[in-house]
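Have a look at the structure below before the remarks.
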Amino acid sequence: MATTKLALTVSPLTDKREVLARLTHKFVDEQYNCWNALRPALAEHGIRVLGMHELDAESRRFVDEYCEKGTGPAANAGYGRSRASFSPGNQ
């Protein structure tokens, strides 16, 4: 995957924010491209990734509690969890 290098040498804060926004959008697009390529490959090996709408009540409750408690690797790194992290292909 190609990386984008761009020096933030623009002066006004607004310009820097716009550059950062563009880079962030590009990064997210690349993440989704990677995910969209990976998901079918996982399925070929019998690995299914379920969306929130495909979970039964008990599984949804587990995800809700997991997110509320902020447990898991992301929380340990100082980042919050969200339900979205459990359903990357279901926007």
**Study point:** Rough spin-label spacing in nm, given labels placed 7 Å along Cα→Cβ, for Leu38 and Glu18
**Key:** 3.3 nm
Review point. ³J(HN,Hα) across the stretch 45-52 via Karplus (A = 6.51, B = -1.76, C = 1.60, θ = phi - 60°), whole Hz, x for Gly/Pro?
Key: 9, x, 9, 9, 10, 8, x, 4
Point to revise | Vicinal HN-Hα couplings computed from phi for the stretch 33-42 (Karplus, 6.51 cos²θ - 1.76 cosθ + 1.60; Hz; Gly/Pro x) | key: 4, 5, 4, 5, 7, 6, 4, x, 5, 4
Practice item. With label points built 7 Å along Cα→Cβ from the Cα atoms of Asp29 and Glu65, find their separation and express it in nm. Key: 4.2 nm
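Every number here is computed from the coordinates shown, using simple stated rules; none is lab data. On a predicted model such as this, the values are computed, not experimentally measured, just so you know. Glycine also receives a Cβ, built like all others from the backbone with ideal geometry; neighbour counts cover every protein chain displayed.
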